[in-house]
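Worksheet: the structure to be examined is printed underneath.
The values are calculated or read from the model by the stated rules, or taken from the named source; none is laboratory data. Please read these numbers as outputs of a predicted model, since none were measured by experiment. Positions of Cβ are backbone-derived with ideal geometry, glycine not excepted, and every protein chain shown enters the neighbour counts.
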Amino acid sequence: MKDLIKIDLNKPVSSLKERNAPYYYILIVEGDASFSIDFTEYNCTGKSLIFLSPYQLLQWHNSSDTLCTQLRFHGDFYCIEYHKKEVACNGILFNSIYHNPFISISEEVFEEIVSTVDKMNDLSHSDLDISIIKTYLQLILALSSKEKQLHPSWTKEDVLTDDSINGFQTLLESSFLESREVAFYASKFGLTNETFSKKIKKHFGKPPTKLIQERVVLEAKKLLHLTYKPIKEIAMELCFEDEFYFSRYFKKEVCVSPKKFREDVGISIVAKKSR
């Protein structure tokens, strides 16, 4: 069980190495932190939660006085897709390319989550308590998901009325397989590539080129993890010329090959149930 779930309590951020591993991470941060995830930079203050999906690259910057409790779990221990009816966290806490991968939380929520993690840690040395640990993990995910959806950055109140922003996400979701050039999206809104890119980056914190790449990779990860489809078939479904080009593209973005990603992250129980 130790390989499937692990808790590191109250360690200085400066002592934590870069993260790029086949686990989901919940990082409970107390203090100011500057970091990047997949080379996009973020800053958080006070009490915050940071969420990482398997093989996302985390790098810390200038956060030497910040404390962090690190909770990691493997999909074989708790499958977020399989438990989506109990906790809607896929696309909210994890695997969301359009929203910040962290939230600021109140003192009350912070203390409740820390207390739950402490209880999990007390039980983590015994395989007999797996079901209880899963229940505690589910509680943390539920609390976190609720907090993120209540956060102003998640609500639509702050969305600009600019059509190029409101429509880009919808257009990207329907077109990312066939159209991966910024010019395609910019032209739909009658904008130059430069003007369009500035608008999108200002709102999402990432240029459209990166959002397009992340959406393709997210779909690739989904097919590798949630299906038994051969990599060659996945490459064709994602409109790559061949599986070798797909493998190079995927490895450039994720730092591991599709084959290794599938081996390390595993094939979800969801895929096994549907066989």
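Looking at G91, is it more than 16 Å from the chain's Cα centre (by Cα) and either under 22 Å from S268 (Cα atoms) or in contact (Cβ under 8 Å) with a residue 12 or more places away in the chain (or both)?
Judged against the criteria, G91 is not a match.
Could you tell me which residue of region 183-206 is nearest to Y42 (Cα to Cα), considering only residues that are in contact (Cβ under 8 Å) with a residue 24 or more places away in the chain and either out of contact with any Phe, Trp or Tyr (no Cβ under 7 Å at 6 or more places or on another chain) or in the same structural domain as F102 (by TED's automatic domain parsing) (or both)?
Per the criteria, the residue is G205.
Looking at I103, is it touching a residue at least 12 places away in the same chain (Cβ under 8 Å), in a loop (DSSP other than H, G, I, E, B) and not hydroxyl-bearing (S, T, Y)?
no
Looking for something surrounded by 14 or more Cβ atoms within 10 Å (Cβ to Cβ), in contact with a helix residue (DSSP H, G or I) (Cβ under 7 Å, 6 or more places away or on another chain), of a type outside the set (A, V, I, L, M) and within 21 Å of S145 (Cβ to Cβ) - is there at least one such residue anywhere in region 20-39?
No, every residue in region 20-39 fails to be surrounded by 14 or more Cβ atoms within 10 Å (Cβ to Cβ), in contact with a helix residue (DSSP H, G or I) (Cβ under 7 Å, 6 or more places away or on another chain), of a type outside the set (A, V, I, L, M) and within 21 Å of S145 (Cβ to Cβ).
Please return the ranges of helices (runs of 4 or more DSSP H) entirely within region 165-258 where 3 or more residues are under 21 Å from N95 (Cα atoms).
193-204, 208-226, 231-237, 243-254
Select, from R248, R275, R262, the only residue that is crowded, with 19+ Cβ neighbours inside 10 Å and among the charged types (D, E, K, R).
R262 is the lone residue from the list that is crowded, with 19+ Cβ neighbours inside 10 Å and among the charged types (D, E, K, R).
Report, ordered by the first and then the second residue, all pairs with beta carbons closer than 7 Å, sequence separation of six or more or different chains, a first member in region 218-231 that is in contact (Cβ under 8 Å) with a residue 24 or more places away in the chain and in the same structural domain as N90 (by TED's automatic domain parsing), and a second member that is among the hydroxyl-bearing types (S, T, Y) and not in a helix (DSSP H, G or I).
Going by the 7 Å Cβ cut-off, there are no qualifying pairs.
Could you check how many residues of region 9-38 are in contact with a strand residue (DSSP E or B) (Cβ under 8 Å, 6 or more places away or on another chain) and either part of a loop (DSSP other than H, G, I, E, B) or outside the structural domain of Y98 (by TED's automatic domain parsing) (or both)?
Qualifying residue count for the region: 7.
Out of H99, H61, I need the residue that is within 22 Å of L172 (Cβ to Cβ), outside the structural domain of S257 (by TED's automatic domain parsing) and surrounded by fewer than 19 Cβ atoms within 10 Å (Cβ to Cβ). Which one?
So the residue among H99, H61 that is within 22 Å of L172 (Cβ to Cβ), outside the structural domain of S257 (by TED's automatic domain parsing) and surrounded by fewer than 19 Cβ atoms within 10 Å (Cβ to Cβ) is H99.
With respect to A88, is the statement that it is modelled with pLDDT of 90 or more, in a loop (DSSP other than H, G, I, E, B), among the hydrophobic types (A, V, I, L, M, F, W, C) and closer than 21 Å to I28 by Cα true?
Answer is yes for this residue.
Given the residues K221, K198, K148, K134, which is the only one that is touching a helix residue (DSSP H, G or I) at 6+ places or on another chain (Cβ under 9 Å) and at negative phi?
The conditions single out K221.
Return yes or no: is E237 at pLDDT below 95 and either in contact with a strand residue (DSSP E or B) (Cβ under 6 Å, 6 or more places away or on another chain) or acidic (D, E) (or both)?
It is false that E237 is at pLDDT below 95 and either in contact with a strand residue (DSSP E or B) (Cβ under 6 Å, 6 or more places away or on another chain) or acidic (D, E) (or both).
Could you please let me know if K11 is in contact with a Cys (Cβ under 7 Å, 6 or more places away or on another chain), basic (K, R) and either without any contact (Cβ under 8 Å) to a residue 60 or more places away in the chain or closer than 21 Å to M120 by Cβ (or both)?
yes
Tell me, which residue of region 42-73 that is in a loop (DSSP other than H, G, I, E, B) and within 12 Å of I26 (Cα to Cα) is nearest to the chain's Cα centre (by Cα)?
Here the residue is S53.
Here is a list of conditions, (1) of a type in the set (G, A, S); (2) part of a loop (DSSP other than H, G, I, E, B); (3) more than 11 Å from the chain's Cα centre (by Cα), and S96 meets all of them except one; can you say which number that is?
Condition not satisfied by S96: (3).
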